[in-house]
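Below: the structure, in structure tokens.
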Amino acid sequence: NEGQIRSSNSYTLQALVEQLGGECVQMGIVGDDKGAIMERFDEALRSSDIVVSSGGVSVGDYDFVKHIVPKLGAEVIFKGVNIKPGQHVMVAQRGSKFIVALPGFAYSSTVTFILYVAPLLARMMGRENVYEPIEATLKVPFAKRSNKSEFTACNLHFEDGRYWVDFEGKKVGSSAILTNLLGNAALMICGEDDGDLEAGTLVRVIKL
């Protein structure tokens, strides 16, 4: 219906988990009800090693997840990081189980999954993280947009014995455009202390 938001994140995150060799159990959608959210988290923690949620960690009136996780008896490892997109991500631990609360925007949730859930899952499974950065060369200049570490969708091509990066067709700066990750996509890493980058600069990218 008009005005509804489709739960596309659940499909994307399940695909990423299964691609990494994990088993994904969907717990469904929970409304803006603190009791229901807490009950669903508790149920998920009883049956899973890692519980991944999407939404409810920002600064809105109905962003309850960030308040509920500590009440589950979980120790918050960190809440909020200086990155773009995904600054409101939260990671907590209860016993041997982990909770990773991701932002709700599609692109943000995917990026933070790659940065925080994927290496955790790999470590728990005794495997290498498949999203380790590699080196590439910028084909075009890049304008830094913030004082955060930025993970920007880009195109990655292998030519003349090395990887090259450009941004053709990408909507740079959006936290919601999941199609930015289609095609020969990668995430270019620009550190919080970096400024604008010139064409020809060597950069680190996460190959998707």
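Values in this text are rule-based calculations from the coordinates and carry no lab data. Worth saying up front: this structure is predicted, and the values here are computed from it rather than measured. Don't worry about glycine lacking a Cβ; one is built from the backbone with ideal geometry, like all the others, and counts go over all protein chains shown.
Numbers below:
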read-out: Distance (nanometres) between label positions extended 7 Å along Cα→Cβ at Q14 and S96; value: 2.7
read-out: Under Karplus coefficients 6.51, -1.76 and 1.60, residue-wise ³J(HN,Hα) of the stretch 192-200 in Hz, glycine/proline x; value: 4, 8, 7, x, 5, 10, 8, 4, x
read-out: Cross-link reach list, lysines versus K148, counting only Cα pairs under 17 Å and skipping chain neighbours closer than eight places; value: K79, K84
read-out: Among F113, V91, Y163 the positive-end extreme of the charge dipole of the chain (Cβ point charges); value: V91
read-out: For the chain, size of Cβ-based charge dipole, Lys and Arg +1, Asp and Glu -1, in debye; value: 260
read-out: Rotationally averaged projected area of the chain (alpha carbon convex hull; nm²); value: 12.6
read-out: Sequence-separation-based contact order of the chain, relative, with Cα cut under 8 Å and 6+ spacing, percent; value: 17
read-out: Cα-based Kirkwood hydrodynamic radius, the stretch 8-125, one decimal, Å; value: 14.1
read-out: Qualifying trypsin sites (Lys or Arg not before Pro) for the stretch 5-107 [loop in DSSP, other Cβ within 10 Å: at most 14]; value: R6
read-out: Selection from G31, S8, P70, by position along the positive dipole direction of the chain (Cβ); value: P70
read-out: Cβ-derived FRET efficiency at R0 25 Å, N129 paired with N82, nearest 0.05; value: 0.75
read-out: Residues whose placed amide H lies under 5 Å from that of G104, excluding near-sequence neighbours; value: G55, G56, V57
read-out: Separation of alpha-carbon centers, the stretch 113-157 and the stretch 77-112, rounded to whole Å; value: 15
